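Report on the following structure.
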Amino acid sequence: MRFESPATSKEAVALLASEKGHAYILAGGTDLLVRMKMDLIEPDLIVDIKGIPAMQSINASSTGSRIGAAVSGAELGEHNKLKKLWPGVVEATNLIGSDQIQGRCTMVGNLCNASPAADAVPALIAAGAKAVIVGKNKRRTVAVEKIITGPGQTSLARDEVIEAITLPKRAPRSGDAYLRFIPRTEMDIAVVSAGINLTISRGIVTSARVALGAVAATPLLVPGAARAIIGTKLDDGALDKLAAACSRACKPIDDKRGTIEYRTRVAGVLARRAAKIAYQRAGGA
Amino acid sequence: MAHDYSYTKQKFKVIGTRPERPDGIDKVTGRAKYGADATAPGQLVGLILRSPHAHAIIKKIDTSKAEKLPGVKAVLTCADLPDLTGGNRDLQNILENCMARGRALYDGHAVAAVAAVDAQTAKKALKLIKVQYKALPHVTDVDEAILPGAPIIHDWVFTRGIDPAPTEPSNISQRTQFGHGDVEAGFAKADVIIEKTWKTEQTHQGYIEPHACLASVGPDGSGELWVTTQGHFTFRNVCSSLLGMDVAKLKVTASEIGGGFGGKTHVWMEPVALALSRKANRPVKVVMSREEVFRASGPTSSTSVDVKIGAKKNGVITAASAELRYQGGAFPGIWAMLGAMTSFACYDLKNVKTVGYDILCNRPKVTAYRAPSAPMAAFGVESTMDMLAAEIGMNPLEFRLKNAAKQGTRASYGPVYGPIGIKPTLNAVKNHPHMRARLGKNQGRGMACGFWFNFGGQTCVDLNVGIDGTVSLTVGTIDVGGSRAAISLIAAEELGIPYEQVKTNVADTASLGYNDMTEGSRGTFSTGMATIFAARNAIEVLRERAAKMWDIPVDAVVWENGEARATGKKHGNLPRLTIKQIAAKAGNTGGPIAGHNEVVADNAGVSFASHICDVEVDPETGATRVIRYTVVQDAGKAIHPDYVEGQFQGGAAQGIGWALNEEYIYGDDGRLQNPGFLDYRIPVCSDLPFIDTEILEIPNPNHPYGVRGVGETSIVPPLAAIGNAISNAVGVRMDHVPMSPPRILKALDDATSS
Amino acid sequence: MSAVLVSTTVNGDTVEFACPQDETLLDALRNRVGLTGVKEGCGTGDCGACSITLNGRLVCSCLVLGVEASGNSIETVEGMADGNKLHPLQEKFIEHAALQCGICTPGFLVAAKALLERKPNPTVEEIRYALAGNLCRCTGYDKIVRAVQAAAKEMRKKK
Amino acid sequence: MHHVRLSGQLRSAADNLEVIDVTADTIRELLFNIAERYPQLDAHIEAGIAVSIDGEIYRDNWNTKIPPDSEVFLLPRIPGG
């Protein structure tokens, strides 16, 4: 196995493109090294992207934000400006693992690991985040919900690297929130999760995005759930409709972490709770 | 020399204080050496190939490619471990568990092993071993394993304890029965009877340190083993039997142990490491991965238990019975028997009957886990007790007090009790402020009782007085939780010297006589007892030496406060001789000063605990949080109260994990789906509240200081205490452990819809 | 597979070791640098026994490659005491009987130190969540949390 | 003379008796005498047995004296964790 730490995204892409064997990108390593330890993968090449300046910074502004792919969860959590603009996105990423994991893990790594239960992803989808992708010949920008195509699978080509995540312009009176259910208080993978981002005007929800995690093969954007609360003051009736729409959208499986029945039911519970938090953050009563 | 075991009420000077442990600095600086921390010149890395099948015939193992890989020094299969057990079935089972013999019996069963110059090479070699399996039907559920047509695990297992003896092999390895009186007549007299089936899933001890050892065997048949174990003398005896080595030629050194809780009472890969070393003629280190620990060491049983209890309206139990089915993994065990013995031990019952069925499955061989088998039986019994109390309209605490066992009660497992502590723990619970604390919305309180036997066993101790009067104590029981501190305290107390003047060391098997394992809550109890007698032995010598120094008769010398004092009119004015002064002259008064004792420290004194637990349940998600927890337990005498509290708290925390989230999850393919700490969910720091403790000290009449075992009982009550608290919080009775969020939410749904 | 030479700083000392490129920092620290105070409980980031700080950031050394240490600075439990003077956390862990078997202790100490450097006066809840990545199976965490509280108090006094 | 009670599975090795009368001063004598009378019990004794004397359980020390009129109960030997 070869270990390389390129200084630019282009170099990283070139390394990936020229590798004949199995190549993997290392950012925080909190998934990659686990898969190596469990003998699930045998890399021939590991490309460490932490030395690439374009991937190391955070720019946060109400006109748009950019988070480098190698930024750790801990660094994200320490960025007050970003936290203020996108509390749900930051909290979601900070929920991944322990303080130790936060010291290394990245939002983009969480995305590219492509788990249906990835904590950062529903919050990013709800936020309308985009991934900036660098390829051999071109750069492209893609909505986060288009990245994961199935458990462990992404739409990235083998010689493509996500350089950063961008978050859109933040309208005034907006708020986001992310909640997940785990059996313990820490250290678990989400059994089911919900991310919500909304904007209000005079107490009425004017726009919203709702995303769910761990209820299907990929994290889901649920437009029907958003429609259930747009135009409402998030009263109980609207919340009931939100919960019902979320539960309807679920296509979960039974596995060691939860049942179909449980996930379907609790998706609605979490969406309802997350919507209330987002609404409050947007300045709603 | 005969010793007096009996308790004498004495005033202690240092017993009951809380000094710092002697191994503390090593453990906070990273210096302490655990199982994986030793190295030897030229050591190889050993790895084990494990079956991916729950049950399969091993048709062929081709090791030729692995053997040819440069850097590989030995490849091992069962052919390298011939059966030298002389037909001893128990040893044969251990041998077969260490390395499959023609058949893989569970997912993770060892099939082959390699030793190579480094981990990378060893890993590569494992992949070059080709094993041809023929998969067989498997069974992993305790109730399914005894259905007609279930795959038979061993054709040589015929159910024992059935008359007439069966002629067909069975997955029930034995039937055991305990009790007295006439339960049918008793139930006929009951006003109310509750009968219910309870299930618990399989849990693991979950020690943080994986099994690890460093083995070295030379061509002369001599060997050394450095290993993390609860009993290095037992490991020595078992390994030498399996490998055909002389016991005296295998020196086993116990490393510091990173937790055991019963799981390190048994050999797993240690005989394989020794055999690899013998074949390669190099030291071999084998360290299990966490995944291997879960798949291939010994968890505790999953169970299915029917409990029936009947009572009069006035709260007197008229009869109680239980049928207990315990899954023991791929080899026969006695786990249901222990469940059958302990289930009703807390109560004074005229008519009681328990029947245990030990059942084989395609799962790893079950081994002891803290108060083995008692928590599952207590879950069923203590939950049923609460249901029955509710049915007759009695406070569950009063109901338990009314039926609690006392001195003179015939225990459900047979004998008549001496002085015991169940009632005092219940009374302490009754008077505890926790019982009167206010509860909020969706909160509930539960309590439950627990019992464990405790035992002593073979123990020996050397006590040597150094030239400066300090004392070196050599013991043979592994220190799993601070026992060196407790044992140093005992030596200091008996000799009348400060704690700081005693250093307790755990000896290797070549340096001290045989000691049983640290299990059954025996460490401080039995080694403490041997230490008292060894110290008394040394005091005799010290008196003799003082007498020689003074040139007076030994009868005129008494030992007081760590000094020799001459008595009587003739000698009374002599200045006292300190241990230091006597030690300094030892060379001229007869040589080294030492005390020794070997003892069979029977009679560790049975132990009882009562726990109180408050939970809060989220009715929308089924999530349960323990918000307050109190342990009340009889310790006999708490030698070092910090570490007694630590045992209470640790046991309770393990019980809480078991109650709420921990479980082995098997797929339809018979493979373990959660062999890691991510999905085998032991409690994390933020899951738990502070765990309050109340130590009761009801002296054990058969220990000079009144000590009882304390380590195990505290894991027994939590399952039921939490189940009872959940029932009080949200009105559903959970009959399946772990009481995980999906199970609770389903129970809530079922309750609403019915 | 070719090993590479890694030059790094461990507990203030410059350290060099040759390391296969797929070897974890945990294995490199234990087997090549000889710092066996760094423990492996799981190898998958779930137990925290291998906790170290990497450039001041708390991480699991089992989830870092040895080669990644190049040019960086590492602190382990072996570097906590100042000569023969124990760190207040080390003192309080012994004083409060916050360890039984002791295998998780190095990880807890490193994690607790990282917490107290960031947050000198944490609440019980903050301590519990900050230490949630460190598993202890012996103590039920009770005495560990108390020891961290006591050490925090001691350290605040000294400041 | 002691009335020695047997736990469940030991009874089948002793003609299904719940109580057997044995004269013995020590555990060793007791086990020797009952094994002589009920040879099937020998296997149980070999496999490990515990003797409760007035509620106190002895697993190992066969020199233990059995006081007159004491309550004697034979149990299987048990492991711990």
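Kindly evaluate C:Lys92 against the criterion of being away from chain B (no Cβ under 12 Å), more than 20 Å from B:Tyr207 (Cα to Cα) and out of contact with any Gly (no Cβ under 7 Å at 6 or more places or on another chain). No; evaluated as a whole, the condition is false for this residue. Residue by residue through segment B:598-630, note down the ones that are surrounded by 24 or more Cβ atoms within 10 Å (Cβ to Cβ) and either free of Cβ contacts under 8 Å to residues at least 60 places away in the same chain or among the small types (Gly, Ala, Ser) (or both). Matches in segment B:598-630: B:Ala601, B:Ala604, B:Gly605, B:Ser607, B:Ala609, B:Ser610, B:Gly622.
Can you tell me which of C:Gly107, C:Gly79, C:Gly56, C:Gly83 is modelled with pLDDT under 95 and either closer than 25 Å to C:Cys19 by Cβ or open to solvent by 10 Å² or more (accessible area, probe 1.4 Å) (or both)?
Numbers: C:Gly107 fails: modelled with pLDDT under 95; C:Gly79 fails: modelled with pLDDT under 95; C:Gly56 fails: modelled with pLDDT under 95.
The unique qualifying residue is C:Gly83.
With the structure loaded, tell me whether B:Asn351 is out of contact with any helix residue (DSSP H, G or I) (no Cβ under 8 Å at 6 or more places or on another chain) and on the phi < 0 side of the Ramachandran plot or whether it fails that test.
Working: out of contact with any helix residue (DSSP H, G or I) (no Cβ under 8 Å at 6 or more places or on another chain): no; on the phi < 0 side of the Ramachandran plot: yes.
So B:Asn351 does not fit the description; no.
Confirm whether A:Pro43 is part of a loop (DSSP other than H, G, I, E, B) and under 29 Å from A:Leu95 (Cβ atoms). It is true that A:Pro43 is part of a loop (DSSP other than H, G, I, E, B) and under 29 Å from A:Leu95 (Cβ atoms). The residues listed here are B:Gly595, B:Gly655; of these, the one that is touching a Leu at 6+ places or on another chain (Cβ under 7 Å), touching a residue at least 24 places away in the same chain (Cβ under 8 Å) and assigned to a helix (DSSP H, G or I) is B:Gly655. Restricting attention to segment B:280-316 and to residues that are in contact with a strand residue (DSSP E or B) (Cβ under 6 Å, 6 or more places away or on another chain) and within 14 Å of chain C (Cβ to nearest Cβ), the residue that is surrounded by the most Cβ atoms within 10 Å (Cβ to Cβ) turns out to be B:Val286. Screening the candidates B:Leu338, B:Leu349, B:Leu360 for the property of being modelled with pLDDT of 95 or more and within 14 Å of chain D (Cβ to nearest Cβ) yields one hit, B:Leu338. For segment A:90-138, the set of residues classified as under 12 Å from A:Ala190 (Cα atoms) and among the acidic types (Asp, Glu) consists of A:Asp119 only.
Restricting attention to helices (runs of 4 or more DSSP H) lying wholly within segment A:62-135, give those where 2 or more residues are farther than 26 Å from A:Val13 by Cβ. Outline the logic, then answer.
Values: elements: A:73-77, A:80-85, A:87-94, A:99-102, A:107-112, A:120-127.
Those helices (runs of 4 or more DSSP H) span A:73-77, A:80-85, A:87-94, A:99-102, A:120-127.
Does B:Ala56 fit the bill of being over 30 Å from B:Lys134 (Cβ atoms), of a type in the set (Gly, Ala, Ser) and in the same structural domain as B:Ala74 (by TED's automatic domain parsing)?
Details: over 30 Å from B:Lys134 (Cβ atoms): no; of a type in the set (Gly, Ala, Ser): yes; in the same structural domain as B:Ala74 (by TED's automatic domain parsing): yes.
Judged against the criteria, B:Ala56 is not a match.
From the list B:Ala336, B:Ala319, B:Ala371, the one residue that fits, being part of a loop (DSSP other than H, G, I, E, B), touching a residue at least 40 places away in the same chain (Cβ under 8 Å) and touching a strand residue (DSSP E or B) at 6+ places or on another chain (Cβ under 7 Å), is B:Ala371.
Put simply, of C:Gly37, C:Gly43 the only residue that is within 10 Å of chain B (Cβ to nearest Cβ), open to solvent by less than 10 Å² (accessible area, probe 1.4 Å) and free of Cβ contacts under 8 Å to residues at least 60 places away in the same chain is C:Gly43.
Only one residue in B:Ile48, B:Ile58, B:Ile25 is within 14 Å of chain C (Cβ to nearest Cβ) and either assigned to a strand (DSSP E or B) or not small (Gly, Ala, Ser) (or both), so which one is that? First the steps, then the outcome.
Numbers: B:Ile48 fails: within 14 Å of chain C (Cβ to nearest Cβ); B:Ile58 fails: within 14 Å of chain C (Cβ to nearest Cβ).
It is B:Ile25.
Looking only at residues of segment B:541-564 that are within 26 Å of B:Ser6 (Cβ to Cβ) and without any contact (Cβ under 8 Å) to a residue 12 or more places away in the chain, we find that the one that is surrounded by the most Cβ atoms within 10 Å (Cβ to Cβ) is B:Val554.
Suppose we keep only residues that are in a loop (DSSP other than H, G, I, E, B) and more than 14 Å from chain C (Cβ to nearest Cβ) within segment A:181-196. Which one would you say is surrounded by the most Cβ atoms within 10 Å (Cβ to Cβ)?
The first filter runs over segment A:181-196 and keeps only residues in a loop (DSSP other than H, G, I, E, B), leaving A:182-191.
Next, only the ones that are more than 14 Å from chain C (Cβ to nearest Cβ) stay: A:190-191.
Numbers: A:Ala190: 29, A:Val191: 27.
Among residues in segment A:181-196 that are in a loop (DSSP other than H, G, I, E, B) and more than 14 Å from chain C (Cβ to nearest Cβ), the one surrounded by the most Cβ atoms within 10 Å (Cβ to Cβ) is A:Ala190.
Restricting segment A:155-169 to residues that are farther than 23 Å from A:Ile58 by Cβ and of a type outside the set (A, V, I, L, M), the residue that is surrounded by the fewest Cβ atoms within 10 Å (Cβ to Cβ) is A:Arg158.
Matching residues to (1) touching a residue at least 60 places away in the same chain (Cβ under 8 Å); (2) crowded, with 20+ Cβ neighbours inside 10 Å; (3) of a type in the set (Val, Ile, Thr); (4) in contact with a Leu (Cβ under 6 Å, 6 or more places away or on another chain):
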| residue | (1), (2), (3), (4) |
| --- | --- |
| B:Arg681 | no, yes, no, no |
| B:Cys685 | no, yes, no, yes |
| B:Asn700 | yes, yes, no, no |
| B:Ala720 | yes, yes, no, no |
| B:Gly731 | no, no, no, no |
| B:Pro738 | yes, yes, no, yes |
| B:Arg743 | yes, no, no, no |
| B:Leu748 | yes, no, no, no |
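The set of residues in segment C:87-119 that are under 20 Å from A:Gln102 (Cα atoms) and not small (Gly, Ala, Ser) comprises C:Cys104, C:Pro106, C:Phe108, C:Leu109, C:Val110, C:Lys113, C:Leu115, C:Leu116, C:Glu117, C:Arg118, C:Lys119.
Filtered by the rule that a residue be buried (at least 16 other Cβ atoms within 10 Å of the Cβ) and either among the basic types (Lys, Arg) or in a loop (DSSP other than H, G, I, E, B) (or both), segment B:406-418 gives B:Thr409, B:Arg410, B:Ala411, B:Ser412, B:Tyr413, B:Gly414, B:Pro415, B:Tyr417, B:Gly418.
Filtering segment D:28-67 to residues that are facing chain B (nearest Cβ under 10 Å), in contact with a strand residue (DSSP E or B) (Cβ under 7 Å, 6 or more places away or on another chain) and part of a strand (DSSP E or B) leaves D:Ala50, D:Val51, D:Ser52, D:Ile53, D:Ile57, D:Tyr58. Counting only strands (runs of 3 or more DSSP E) that sit wholly inside segment B:501-579, those with at least 3 residues that are under 14 Å from B:Ala491 (Cβ atoms) are B:502-506. Could you say whether any residue in segment B:694-711 is closer than 28 Å to B:Lys441 by Cα and of a type in the set (S, T, N, Q)? Checking segment B:694-711: not a single residue is closer than 28 Å to B:Lys441 by Cα and of a type in the set (S, T, N, Q).
Conditions tested, residue by residue: (1) under 15 Å from C:Lys92 (Cβ atoms); (2) part of a helix (DSSP H, G or I); (3) within 11 Å of chain A (Cβ to nearest Cβ).
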{"residue": "C:Leu109", "(1), (2), (3)": "yes, yes, no"}
{"residue": "C:Leu116", "(1), (2), (3)": "yes, yes, no"}
{"residue": "C:Tyr129", "(1), (2), (3)": "no, yes, yes"}
{"residue": "C:Gly140", "(1), (2), (3)": "no, no, no"}
{"residue": "C:Ala151", "(1), (2), (3)": "yes, yes, no"}
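Hey, any hits in segment B:241-253 for a residue that's in contact with a helix residue (DSSP H, G or I) (Cβ under 6 Å, 6 or more places away or on another chain) and assigned to a strand (DSSP E or B)? There is at least one residue in segment B:241-253 that is in contact with a helix residue (DSSP H, G or I) (Cβ under 6 Å, 6 or more places away or on another chain) and assigned to a strand (DSSP E or B).
Condition (residue is among the β-branched types (Val, Ile, Thr), part of a loop (DSSP other than H, G, I, E, B) and at pLDDT below 95) applied to segment B:173-184: is it met by at least one residue?
Looking only at segment B:173-184, we keep the residues that are among the β-branched types (Val, Ile, Thr), and these are B:176, B:183.
Filter once more, keeping what is part of a loop (DSSP other than H, G, I, E, B): none.
No: zero hits.
Screening C:Glu16 against (1) part of a strand (DSSP E or B); (2) in contact (Cβ under 8 Å) with a residue 40 or more places away in the chain leaves a single unmet condition, (2).
The values are calculated or read from the model by the stated rules, or taken from the named source; none is laboratory data. A quick note: this is a predicted structure, and the numbers were derived from the prediction, not measured. No Cβ is skipped: glycine too gets one built from the backbone with ideal geometry, and neighbour counts run over all protein chains shown. Surface accessibility is based on the protein's heavy atoms, side chains included, excluding ligands, DNA and RNA. Shrake-Rupley method; radii C 1.70, N 1.55, O 1.52, S 1.80 Å.
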